[in-house]
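The values are calculated or read from the model by the stated rules, or taken from the named source; none is laboratory data. All of these numbers come straight from a predicted model, not from anything done at the bench. Here the Cβ is made from the backbone with ideal geometry for all residues, glycine too, and neighbour counts use every protein chain on show. These area figures cover heavy atoms from the full protein model, side chains too; ligands, DNA and RNA do not enter into them. Shrake-Rupley method; radii C 1.70, N 1.55, O 1.52, S 1.80 Å.
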Amino acid sequence: MMDLTIDQPIDALRLLCGAFFLPHAAAKIFAKPVTLGFFQAAGYQPAEAVMYFALVVEIAVALGLVLGIQVELFAWLGAAFMTVAGLSVLKVSRGKWLWNLGGGEYCFFWALACGILALSR
């Protein structure tokens, strides 16, 4: 069942977590060569198939969280997905942490935010 209410702070977190998956999905559509290069650099094989799988996961998580459908499930999926994304960024960036230097900080922050959301349900 859809839950579009925003009467608690956790609802705002749910919407933010869902909405922040949309730019990730858009990059796979509108910046495909750069995004595919990242998946190749991270060592995923076949890189293009994994990239499209990631696109499907990102859209599913975004819709589930924004629309309030199966929030706990999609929040855990988002947390796991962003953890893998963060580990991939650390691999490609050779261990850089700060997001503004190309590191994984951003991904881990959103993984934790999704985990907090999942635990709140």
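Summary table below
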item: Probe 1.4 Å, accessible area per residue of the chain, Å²; result: 57
item: Structure-based [θ]222 nm, the chain - -39500 (n - 2.57) summed over DSSP H runs of at least 4, per residue, nearest 500; result: -23500 deg cm²/dmol
item: Accessible surface of region 31-108, 1.4 Å probe, proportion on carbon and sulfur as whole %; result: 72
item: Candidate values (i) 7.3; (ii) 7.7; (iii) 6.6, label of the one derived for mean projected area of the Cα convex hull in nm²; result: (i)
item: Cβ-derived FRET efficiency at R0 30 Å, V34 paired with L112, nearest 0.05; result: 0.70
item: Dipole in debye (nearest 20) - region 1-64, about Cα centre, beta carbon charges: Lys, Arg +1; Asp, Glu -1; result: 260
item: E72-K96 pseudo-label distance in nm [points 7 Å out on the Cα-to-Cβ vector]; result: 3.9
item: Estimated dipole of the chain in Debye, rounded to 20 [Cβ of Lys and Arg +1, of Asp and Glu -1, Cα centre]; result: 460
